[in-house]
Amino acid sequence: MFQLFQKKSSPFNRGKFSSKNFSFILPFEYKAGLIFIDVEIEDEKYSFLFDTGAFTILPSTLIKKLSLVKMEEDLDTLDAFSEEKKLSLYQLPKLKIGELVFYDFQVASDDFIENFPLSCLAFDGVLGYNFFHELIIGIDYESRTLTVSDNLPSLQGFTKIKLRTNAINTLEFFLQIEKQKIWMGLDTGSNGGLQFQDEKLAQILHKKKYKSQRIIGLFSSSLSGTNQQSFQDVFLLKNFSLAKKLMINSFPIRYEENSPNLAGNGFLKHFFIIIDFKTKKLYLKKREEIIQKVLEKSFGFFTFWSEENGLYISAIMQGTPAYSSKLKIGDRLFSIGTRETLNFTKKDYCNFLFLAQEIDYEKEDSLELIVKRENKLLRILLTH
């Protein structure tokens, strides 16, 4: 969900570490499907998003607080919706993660919190791939720990997969789907599962009559903002592989124009993961013997929030109760079930979308919505 990709070559190979032959385990917080770790800068602790699909980013307030020196060069970036953006680069003298000290790495400046309602996640920056380029990172979603090392651990039970670096300096592996090879960015900065932008593959999946659902409207976002109103098809893949080595029985994949191919935490969390950034190798071991997902049962509406419109219906999924009802994209939500939403603030929406458990209403057989449309209040009952 929160991707920021580098477009051109950049100083991501710069910087040095304080140690050699090290390995330590670092706990992380897993919230809203994202990984957050504690870092230390100038003897003060901060919470950073751990993002293998982004350059390291600090907001301008923290840049100013730390009195960082601006570099002569800038960073040209390409976000999750193919929007170009130029970011200023700064020299960060020292950052500490657990027992490891990073010296003279560079960071980009961007006030990402302003572009999306992220306030309730309460994190201070993004720790991106330029900090990992000489490291080996193990991710254990089950125990909520990262292993940070410069040596490979025991690989018993793991499958080795070769990675490549794409034009925007993120690592990617390929899926084999219906004889098509599709390269996927390895992105822990996304709380989604699998997504792709190959129209030809989407046509093949439709032609092969894979079970699918279409979502119309505004339904995704990144650090730079939200997507434009469009459509997204969700296909239920069957019997596909990772690099012709690991078979997956069933898993949904999303097709959306102008979005990158990527694998986020919604998919990666089904594995124990070791990423060797230096030699470009990925080691995977399934957490479950069989990974088998189905298309979700849903009332079929998506919400978004803006200062002007409050909470409103932003997208509707075809073939669902919302699609067959009188609900329309743009309807302002006064209430969802027993929860009043008329006076939602940015923080309220962040809690609702990421942290709270209100999505439990999807488990109910029916749901009542009260919406406002053209100065009229409408009561809409959705039933499965």
Practice prompt. Only residues that are touching a residue at least 40 places away in the same chain (Cβ under 8 Å) and within 21 Å of K363 (Cα to Cα): list them for the stretch 321-333, please.
Written response: P321, A322, S325, L327
Response to the item:
Within the stretch 146-181, the count of residues that are closer than 30 Å to D76 by Cβ, part of a loop (DSSP other than H, G, I, E, B) and of a type in the set (A, V, I, L, M, F, W, C) comes to 3
Fill in: Check on Q197, at pLDDT below 95 and touching a helix residue (DSSP H, G or I) at 6+ places or on another chain (Cβ under 8 Å)
no
Practice prompt. Using the structure shown, decide if E134 is modelled with pLDDT under 95 and exposed (fewer than 13 other Cβ atoms within 10 Å of the Cβ).
Written response: yes
Worksheet item: Quick one: what pairs do we get from the stretch 60-76, first residue touching a residue at least 24 places away in the same chain (Cβ under 8 Å), second of a type in the set (V, I, T), C-beta under 9 Å, 6+ apart or different chains?
Response: L62/I41; I63/V107; L66/I41; L68/V107
Worksheet item: Looking at L127, is it within 21 Å of the chain's Cα centre (by Cα), closer than 22 Å to P260 by Cα, touching a residue at least 40 places away in the same chain (Cβ under 8 Å) and not assigned by TED's automatic domain parsing to the domain that holds S18?
Response: no
Discussion item. Exactly one of these conditions fails for E84: (1) among the acidic types (D, E); (2) within 30 Å of Q197 (Cα to Cα); (3) buried (at least 16 other Cβ atoms within 10 Å of the Cβ). Give me its number.
Written reply: (3)
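A quick yes/no check of all residues on (1) buried (at least 17 other Cβ atoms within 10 Å of the Cβ); (2) closer than 19 Å to I215 by Cβ; (3) modelled with pLDDT of 90 or more; (4) among the β-branched types (V, I, T):
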| residue | (1), (2), (3), (4) |
| --- | --- |
| I316 | yes, yes, yes, yes |
| T320 | yes, yes, yes, yes |
| N343 | no, no, yes, no |
| K346 | no, no, no, no |
| E364 | no, no, no, no |
Worksheet item: Do we find that S143 is assigned to a loop (DSSP other than H, G, I, E, B) and either of a type in the set (K, R) or assigned by TED's automatic domain parsing to the domain that holds K16 (or both) in this structure?
Response: yes
Practice prompt. Scan the stretch 52-75 residue by residue and report those that are touching a Phe, Trp or Tyr at 6+ places or on another chain (Cβ under 7 Å) and charged (D, E, K, R).
Written response: K70
Worksheet item: What number of residues within the stretch 232-251 satisfy the criterion of being in a loop (DSSP other than H, G, I, E, B) and closer than 15 Å to F196 by Cα?
Response: 0
Worksheet item: Looking at L92, L100, L78, L68, which is the one that is buried (at least 16 other Cβ atoms within 10 Å of the Cβ), modelled with pLDDT of 95 or more and more than 14 Å from V126 (Cα to Cα)?
Response: L68
Worksheet item: Taking the condition crowded, with 16+ Cβ neighbours inside 10 Å, modelled with pLDDT under 95 and closer than 22 Å to N21 by Cβ, does F123 pass?
Response: no
Discussion item. Tell me whether the stretch 290-297 contains one or more residues that are modelled with pLDDT of 90 or more and either surrounded by 15 or more Cβ atoms within 10 Å (Cβ to Cβ) or not aliphatic (A, V, I, L, M) (or both).
Written reply: no
Worksheet entry | Number of the exception - E308 against (1) farther than 26 Å from L146 by Cα; (2) under 19 Å from the mean Cα position of the chain (by Cα) | (2)
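The values are calculated or read from the model by the stated rules, or taken from the named source; none is laboratory data. Not measured: the values here are computed from a predicted model. A quick note on method: Cβ atoms are made from the backbone with ideal geometry, for glycine too, and the neighbour counts reach across all protein chains shown.
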